[in-house]
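**Q** Sharing a structure, written as C-alpha cells. Questions coming.
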Amino acid sequence: MRVLVVEDERRLAGIVKRGLLEEGYSVDAAYDGEEAQYMAESVPYDLMILDVMLPRKDGIAVCRELRAKDMNVPILMLTARDSVEDRVKGLDSGADDYLVKPFAFSELLARVRALLRREALPRTPKLRVGDLVMDTQTREVWRGQRKIELTTKEHSILEYFMRHPNVVITRTMIEENAWDYEFDAMSNIIDVYIRRLRSKIDEEGKESLIQTVRGAGYRLKAS
C-alpha cells in the first residue's frame, strides 16, 4: 500500500512517515500544496494524509481540485482546527475522514486502516494461494505446517502477489506498491527480494511458487 503524507511541519511528517513505514506501508512525503497535488496526480496512491494549513496551496484547495479531476484516492485530512465548521468544510471539500492535531499515532493508524478497508472491500484478512497462507492482520505466513518469517518489505511484496495470483506482475507494479518515490528503478533490489522470497516460501523438490515471466516480470502460480 502506497501512502502520500502531506505536512509542512517536517518533524511531524517524519514521525508519521517513519511510523507508517514500520507498519509496512510505502510512504512518500510532500511539504506544500502544489507539490502534493503534482505527486497525487503523478503516482497511483492508495491513500493520502493531507494537512489543511500548507504553503503555496492549502489542503482544502488541493482536495477540491483532486476531486474535480475525478481522483478518488481516500483522503485523511489533518488540522489544528477542531470546530464543527472547520470539520464540515474539510469533509465538504471531498475528504473521507478528519483528524484533529495533536493526535495519537495509534488513532491515525486506525483511521488509515479503516479508510483502506472501506476502499478495498470486500477484502479478506486471510489470503490463500495453494498451501501458502497469509494472515494480513497478524502478519503470519505459513506454507503447509511450516511458519515462514518475513521482513516487512518481503511481507508487503508477497501480499501483493497473493492478492493477484496467476497475474503477471511487472517490476514497475512492484515498485509502485512496495517502494517510495525515491526508489532507484535502475537497481536490482527487486530481483534480490524475489530471490529471498523464493528461498523462504519454496519447498525442496517442488516448483517455485514465484515464476519468472521472461521479458515481463513475475507470477505467483496458484494451483
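The values are calculated or read from the model by the stated rules, or taken from the named source; none is laboratory data. Model, not experiment: these values are computed from the prediction. Every residue, glycine among them, receives a Cβ derived from its backbone with ideal geometry; neighbour counts consider all protein chains shown.
**Q** Just checking: which of the strands (runs of 3 or more DSSP E) contained wholly in region 1-100 hold 3 or more residues that are in contact (Cβ under 8 Å) with a residue 40 or more places away in the chain?
**A** 2-6, 26-30, 47-51
**Q** Can I ask one more? Kindly indicate whether Lys206 is at pLDDT 90 or above and either among the basic types (Lys, Arg) or farther than 22 Å from Arg128 by Cβ (or both).
**A** Details: at pLDDT 90 or above: no; either among the basic types (Lys, Arg) or farther than 22 Å from Arg128 by Cβ (or both): yes.
Here the answer is no, as Lys206 does not meet what is asked.
**Q** Sticking with this one: For residues that are of a type in the set (A, V, I, L, M) and farther than 30 Å from Leu158 by Cβ, tally how many sit in region 25-49.
**A** 1
Okay, residues lined up against (1) buried (at least 19 other Cβ atoms within 10 Å of the Cβ); (2) on the phi < 0 side of the Ramachandran plot; (3) not basic (Lys, Arg):
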| position | (1), (2), (3) |
| --- | --- |
| Val16 | yes, yes, yes |
| Tyr38 | no, yes, yes |
| Met53 | no, yes, yes |
| Lys57 | no, yes, no |
| Arg64 | no, yes, no |
| Lys89 | no, yes, no |
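**Q** Looking at Met162 and the list (1) over 16 Å from Ile194 (Cα atoms); (2) buried (at least 17 other Cβ atoms within 10 Å of the Cβ); (3) not charged (D, E, K, R), which single condition is not satisfied?
**A** Status for Met162: all satisfied but (1).
**Q** Can you find a residue in region 65-74 that is within 20 Å of Met48 (Cα to Cα) and assigned by TED's automatic domain parsing to the domain that holds Ser208?
**A** For region 65-74, residues within 20 Å of Met48 (Cα to Cα) and assigned by TED's automatic domain parsing to the domain that holds Ser208: absent.
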